[in-house]
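The structure appears below as structure tokens.
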Amino acid sequence: MSDVRAWIDKLEIQELIYRYSDGVNRGDLAAIRSVYADDALWESPLLGFRHESADAFVEFFRLNTTTSELLIQTPHCPVIELTGPDTARATTTIHEFSKGTATEDGPFGPEGAEINFQDYGIYYDDLARIDGEWKFTHRLFVPMYLESGVVNGTFRSSGRS
């Protein structure tokens with residue numbers, strides 16, 4: 001693999017990571033769906049989540065963010081390793097703020113409970129070039145730090161579509 005091709009691939013993967021977080025911040029389900037392979041696995045065992053397809057994850061996201069006043073996800077410092085001509089791994093530190101209401105019983109409390117937290121975690125990603133575009137094939141989110149009850153500022157706009 002040429003150095004130029006490797007840099008282009010790494011930039012395309014970095015853009016994919018940023019497009020995902022941008023879609024999350026705007027509540028843009030189509031943008032979120034577009035970054036995943038159809039059979040992608042999204043999981044966070046520590047939070048009790050596992051979604052075995054892109055559509056299942058997007059539906060989970062839709063159901064669990066429609067009552068959010070705020071959900072901001074900021075990716076930091078993606079590190080990308082090309083493992084083959086059409087495969088890669090990446091790790092990305094994530095910082096999130098979330099405020100809203102739980103839509104079902106789960107790790108954030110019972111249905112109707114207030115959700116109010118900031119967290120830091122790491123995404124461990126497997127990626128593949130599919131039909132000429134990089135896509136997530138597996139995303140493992142590992143929370144590292146969670147602080148509850150801290151999102152107390154004034155909301156000007158949810159920024160959500």
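Please treat every number below as a calculation from the coordinates, not as lab data. It should be emphasised that the depicted structure is a prediction, and the values quoted were computed from it without experimental measurement. Backbone-built Cβ (ideal geometry, glycine too); neighbour counts: all protein chains shown.
Which residues in the stretch 42-84 have a backbone N closer than 11 Å to a point placed 7 Å from the Cα of L146 along the Cα-to-Cβ line?
Those under the cut-off are 45-49.
Whole Å is fine, so just give me how far the alpha carbon centre of the stretch 86-161 lies from that of the stretch 1-50.
12
Whole-Hz Karplus ³J(HN,Hα) for the stretch 41-46, in order, using 6.51 cos²θ - 1.76 cosθ + 1.60 and θ = phi - 60°, x for Gly and Pro?
So the J values, rounded to whole Hz, are 9, 10, 8, 8, x, 5.
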